[in-house]
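The values are calculated or read from the model by the stated rules, or taken from the named source; none is laboratory data. These numbers come from a predicted model, not from an experiment. Glycine gets a Cβ as well: all are built from the backbone with ideal geometry, and neighbour counts include every protein chain shown.
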Ligand SMILES: Nc1ncnc2c1ncn2[C@@H]1O[C@H](COP(=O)(O)OP(=O)(O)O)[C@@H](O)[C@H]1O
Ligand SMILES: [Mg+2]
């Protein structure tokens, strides 16, 4: 006969004795139920020394002016001599059109940047504005959630990819899709500050409450100093009572976080991309051109890059 197989059924399990001890009163933590105001948005922290400030333009709503804001603020900064890198993290890829980059000539995109961070340097393209480079987004960004599902550290891919690039720029501006997928999370994790375009219509505050929840989660898990650089009112029309009311409500709730002036509704902003140029090359004296100019001046101060 061979070795006896131990009979599982007869094995004894010896329990460790457990004696419950009363904790002294002083050690008992009183759990206070913290009431979190769903509308609170934390302010952002300072720039990392020697690196570009990374700012994500975000709002989970589509059509609020995110892409228009990225294109025109990046262009305005470029015209002022700043070095800016635009990263289009939206599958629609509209930043390329608006900044005069021919998508047919593009070989590496934001998808490559996230999947293979070492391609970062070659993935950049020159735009219609000197000093403004960009990494193009395209349809291949759809499906990234599935592709990264089993990857460890999948939220930190973009931050890794930006590491070698960021010493060469004053600002890295990221455009995002109107959804909270892995690509948007990568952008939030890589950022110091957020710029939030908001249309002054119903549900503006609901959208911001949702964003506040997202920021809280990202701060808890990844970057404790992530915060908001500014809320930008877009497509504003002072003749519309609802616009004025919502703008006032936003200013009452968020104070100086709301950037002045609002960006007025202006057809010139909507037509500029068809010409492959930002507003400051298309029609700088239009309402849209002047508003984005003022907003950029304010942001330059908030971003602490005005002394350069
Ligand atoms: N201030 C504005 N006045 C008029 N049209 C605008 C303005 N801002 C954006 N648009 C237009 O509104 C549409 C949505 O803007 P877009 O920047 O693409 O929003 P998002 O990126 O949030 O989806 C685009 O056609 C754009 O040209
Ligand atoms: Mg967009």
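The lone criterion from (1) modelled with pLDDT of 95 or more; (2) assigned to a loop (DSSP other than H, G, I, E, B); (3) within 16 Å of ligand 2 (Cβ to nearest atom) left unmet by residue 61 is number (1).
The residue of the range 271-284 that is nearest to ligand 2 (Cβ to nearest atom), among those that are part of a helix (DSSP H, G or I) and in contact with a helix residue (DSSP H, G or I) (Cβ under 8 Å, 6 or more places away or on another chain), is 273. Among the residues of the range 174-192, write down those that are away from ligand 1 (no atom under 13 Å from the Cβ) and either at pLDDT below 95 or touching a helix residue (DSSP H, G or I) at 6+ places or on another chain (Cβ under 8 Å) (or both). Result: 180, 181, 182, 183, 185, 186, 187, 188, 189, 190.
Restricting to the range 67-90, count the residues that are in a loop (DSSP other than H, G, I, E, B), in contact with a helix residue (DSSP H, G or I) (Cβ under 9 Å, 6 or more places away or on another chain) and surrounded by fewer than 21 Cβ atoms within 10 Å (Cβ to Cβ).
Residues of the range 67-90 that are in a loop (DSSP other than H, G, I, E, B), as a first pass: 80-83, 89-90.
Next, from what is left, pick out any that are in contact with a helix residue (DSSP H, G or I) (Cβ under 9 Å, 6 or more places away or on another chain): 80, 82-83, 89-90.
Pick out the ones that are also surrounded by fewer than 21 Cβ atoms within 10 Å (Cβ to Cβ) and you get 80, 82-83.
Result for the range 67-90: 3.
Only one of the numbered conditions (1) over 22 Å from the mean Cα position of the chain (by Cα); (2) over 23 Å from residue 41 (Cα atoms) is not met by residue 294, and that is (1).
Within the range 227-242, one or more residues are within 13 Å of ligand 1 (Cβ to nearest atom), buried (at least 19 other Cβ atoms within 10 Å of the Cβ) and more than 19 Å from the chain's Cα centre (by Cα). From the list 198, 136, pick out the single residue that is surrounded by 17 or more Cβ atoms within 10 Å (Cβ to Cβ), modelled with pLDDT of 95 or more, within 22 Å of residue 44 (Cβ to Cβ) and under 17 Å from the mean Cα position of the chain (by Cα). Exactly one residue qualifies, and that residue is 198.
For the range 267-284, a residue qualifies if it is within 9 Å of ligand 1 (Cβ to nearest atom) and closer than 15 Å to residue 76 by Cβ, and the qualifying residues are 268, 269, 272. Taken together, the criteria exclude residue 213 from residues that are assigned to a helix (DSSP H, G or I) and either surrounded by 20 or more Cβ atoms within 10 Å (Cβ to Cβ) or free of Cβ contacts under 8 Å to residues at least 12 places away in the same chain (or both). One residue stands out among those in the range 153-173 that are assigned to a strand (DSSP E or B) and away from ligand 1 (no atom under 16 Å from the Cβ): the one that is nearest to residue 299 (Cα to Cα), which is 171.
When the residues of the range 285-308 are filtered to those that are assigned to a loop (DSSP other than H, G, I, E, B) and away from ligand 1 (no atom under 15 Å from the Cβ), the one that is surrounded by the most Cβ atoms within 10 Å (Cβ to Cβ) is 303. If you filter the range 1-44 down to residues that are modelled with pLDDT of 75 or more and out of contact with any helix residue (DSSP H, G or I) (no Cβ under 9 Å at 6 or more places or on another chain), you find that the one that is surrounded by the most Cβ atoms within 10 Å (Cβ to Cβ) is 22.
Pairing each residue of the range 285-305 that is without any contact (Cβ under 8 Å) to a residue 12 or more places away in the chain with any residue that is part of a helix (DSSP H, G or I) and within 16 Å of ligand 1 (Cβ to nearest atom), provided the two are 6+ apart or on different chains, yields C-beta distances under 9 Å for 297/76.
Consider residue 107 carefully, then state whether it is at pLDDT 95 or above, surrounded by fewer than 22 Cβ atoms within 10 Å (Cβ to Cβ) and over 25 Å from residue 179 (Cα atoms).
Details: at pLDDT 95 or above: no; surrounded by fewer than 22 Cβ atoms within 10 Å (Cβ to Cβ): yes; over 25 Å from residue 179 (Cα atoms): yes.
Criteria not met by residue 107.
Taking residue 149, is it within 22 Å of residue 222 (Cα to Cα) and more than 17 Å from the chain's Cα centre (by Cα)? Write out each step before concluding.
Details: within 22 Å of residue 222 (Cα to Cα): yes; more than 17 Å from the chain's Cα centre (by Cα): yes.
Judged against the criteria, residue 149 is a match.
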